[in-house]
Structure formats: C-alpha cells, structure tokens
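What follows is a set of notes on a single structure, which appears directly below.
No value in this document is a laboratory result; all are computed from the given coordinates. As the structure is a prediction and not an experimental result, all values here were calculated from the model. All Cβ positions, glycine included, derive from the backbone under ideal geometry; neighbour counts span all protein chains shown.
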Amino acid sequence: MASRKRSTDSLFTVLLAFGANIVVAIAKSVAALLTGSASMVAEAAHSWADTGNEVFLLQAERRAARPRDELHPGGYGREAYVWSLFAAVGLFTAGAVVSILHGVSELGSDAPDTDYLINYVVLAVAFVFESISFLQSYRQASATASRWGTGTLEHVISTSNPTLRAVFAEDAAALVGLVIAFLGVLLHELTGDAVFDAIGSILVGVLLAVVAVVLIDRNRRFLLGEPAPDRVNQAALALLLRHPEVERVTYLHLEYVGPERVFLVAAVDLRGNDRESDVAEDLYAVEQELERDDHIAEAVLTLSRAGAPALLPRPDPDPDLDLDSGHIPTG
C-alpha cells in the first residue's frame, strides 16, 4: 500500500512537471526567436531538456513498478536509477552544454536591442508555471521528510526515490535560472551591452551542470548499491527481534534495490533447538513474513555463527519509525 501511494504521488509530480515544462519551453522558444536574447535561448534549452527528462522519469516510474519474477527476484526497482541517470545526463548535455556554448559564442557580439517586454512577460509566466510544479515536488518531499524526522532538503538529497529528487532539483534550478535570465535581460536593457545577456546564458548553463552532476552521482551510488541509513537498519533490527522465532540477530545488511525498497540479509539465532530441517523451514517462514512488508523486496536469512555478538537496537528508538505498524520506514 505504501509503495503504491509513493508511486502515485511520484507519477503525479512528474506529470505536472512535464505539463509545466512543455508549456514553458514553447513560450521561451518563441521569445528567443523573436528577441534573439542569449539568456532566453539558454532558458529555452533548459526547459526542452527538462521536458525530455520527464519522459525518462515517466519511464523510470513505469519500469520500476513491475513485480519481481524468477529472473529478477529483487524486482525491477533499480531501473528507476537507470532512467533517472539518463535524464541527468540529458540535462547536462541538452541543457548545460548548449547554454554555455551559446553564451560563449555571444560574448563580444554587438547584438541590437530587442523587445525586452516579450522576455519579461515570458519569464514571468514561466516563473508561475515552474513554481506550481516546484510546490508539488516540495509538498511531496516535505510530507515524507516530516514522517521520518528529517529536513526536506536532507531528504531530497538522501531519498531513494530518484524521480522526486530529479523533479525537485530541476524545478529549483529552473526558478533560479529564471532569476538569472531576468537579470541578464535587465542589465542588457539598462546598459545596452549584450555581454550581460551572454553571461546570463553561461551562468544558467553552469547551474544546470552542477545540478546534473549531483543527480548523476546520486543515481550512480544507488546503482552500485546504496546501504540503508542507520534509522532504517534500527527499524529492521527491531522488526526482526519482534518475531517470535528470532532470539537474536548477529548480522544485518540492508541495501536499496529501488525506490523505498531494500534487500535484507541477516544472520539470526532461532529459539529452541529444532532439527536442521525444521530450522530451514523456520527461516523460510520468517523470510516470507518479512517480504510481506512493502519495503522489503527480498529477505535472506542464515544462522548466526557460534559466539557471534548480538546486534542490539538503541534503547531510545526514533519515535518516527512507527514500528508498531509492522513496517520498515525507508526513504
């Protein structure tokens, strides 16, 4: 249930961003053609890159939601990071590189005055649409962050949901880019020097490059196998120890295999001294029960080695973990 709600929220966020970006991209392109403003060209490239990226993010949501099968016992969750990585690379190439190269080519050019009013109107309209999209991604991130007791920005950086991170980052960059473009156009109008317009284009490109590199690095980390944070490990440990068959846990490893989905490996001691065949069945039963949690893609349990020290949960567990629900809260 929780994973389906996350998927629905993320899908709505991506669709809203796609609609806003395509309207803004068309408006900016028309303004760039009519005025020749370097900053508007950069902004148009930015919005078209964002629009294309939303297609990759929609694909990420669709393919990552497929149920696991025999070939993929851990599910298809990591596909979200693959398609989000494509989106980040697209932002870098189609957005950052184009904006920087165009700005550099316009440095020193003696561009005539343009119809500044068109640029101002388009930038204002774009700011409204981008703000609507950003507020949706902010609301989704803030709601999740508050449930887990973290800051919104901290959650966006660390979340295992790559589509939320991408839309949030792209929309935030879009709003900052619009301010930069406005200043470039304004300084061009006030001074009559087109170099400020060109600098605006370069700065927008640099901004997009920084955002793209951050997104590329985060997706790379999750594709390589991002370990779960301590709060998630504590929740999983407490959940294991609550099981009537489990006496103690001596090893625990959680690794993200998709948005808010983890692969759990643990070494446990079971209560009693059952026969080896019975122990195998008991372990399998615990694994099956764990996998009923929406956040656990696959669980693998083994017996603890003799003399291995037990892992103990913190005496003051985070109240936001809500362990009574029987679920592991992941981010």
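So between residue 8 and residue 33, what do we pick up on full extension, going 0.36 nm a residue minus the alpha carbon distance?
Numbers: separation 25, 0.36 × 25 = 9.00 nm, distance 3.77 nm.
Full-extension gain reported as 5.2 nm.
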Where a ≥ b ≥ c are root eigenvalues of the Cα gyration tensor, a/c under 1.5 meaning rounded, otherwise prolate if a/b exceeds b/c and oblate otherwise, the range 245-304 counts as prolate
Tail fraction, Cα-Cα pairs, the range 1-136, threshold 22 Å, whole percent
47
Where labels lie 7 Å past Cα in the beta-carbon direction, separation of residue 176 and residue 128 in nm
2.6
The distance between the Cα centres of the range 196-258 and the range 31-75, in whole Å, is 21
So what are the ³J(HN,Hα) numbers for the range 118-130, from phi and the Karplus equation (6.51, -1.76, 1.60; θ = phi - 60°), rounded to whole Hz, Gly and Pro as x?
4, 4, 5, 5, 5, 5, 5, 4, 4, 4, 5, 5, 5
Interchain or sequence-distant (5+) residues whose placed amide H lies within less than 5 Å of the amide H of residue 257 are 262, 263
Amide H neighbours of residue 194 under 5 Å, at least 5 residues apart or on other chains, H built in the peptide plane: list them.
111
Relative to the longest principal axis of the chain, what angle (0 to 90°, nearest 10) does the C-alpha long axis of helix 79-90 take?
20
Suppose the chain between residue 63 and residue 105 were pulled fully straight at 0.36 nm per residue; how much longer would it get relative to their current alpha carbon spacing?
11.1 nm
Please report, in whole Å, how far the alpha carbons of the chain spread along each principal axis, starting with the longest.
88, 40, 31
Amide H within-cut-off set for residue 268, under 5 Å, with H built and near neighbours excluded
250, 302, 303, 304
Is the shape of the range 84-165 best called rounded, prolate or oblate, per the rule: a/c under 1.5 gives rounded, else a/b larger than b/c gives prolate, else oblate, with a ≥ b ≥ c the square roots of the Cα gyration tensor eigenvalues?
oblate
So how much slack lies between residue 269 and residue 217, counting 0.36 nm per residue of separation and subtracting their Cα-Cα distance, in nm?
14.9 nm
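From the square roots a ≥ b ≥ c of the eigenvalues of the alpha-carbon gyration tensor of the range 167-239, which class results: rounded (a/c under 1.5), prolate (a/b over b/c), or oblate?
Details: a/c = 6.67, a/b = 3.41, b/c = 1.95.
It comes out prolate by the Cα gyration axes.
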Do any GluC sites (Glu not before Pro) in the range 3-90 lie in a loop, going by DSSP, with at most 14 other beta-carbon atoms within 10 Å of their beta carbon, and if so which?
70
Using Cα atoms only, what is the angle between the long axis of helix 2-35 and the major principal axis of the chain, expressed in degrees (0 to 90) to the nearest 10?
10
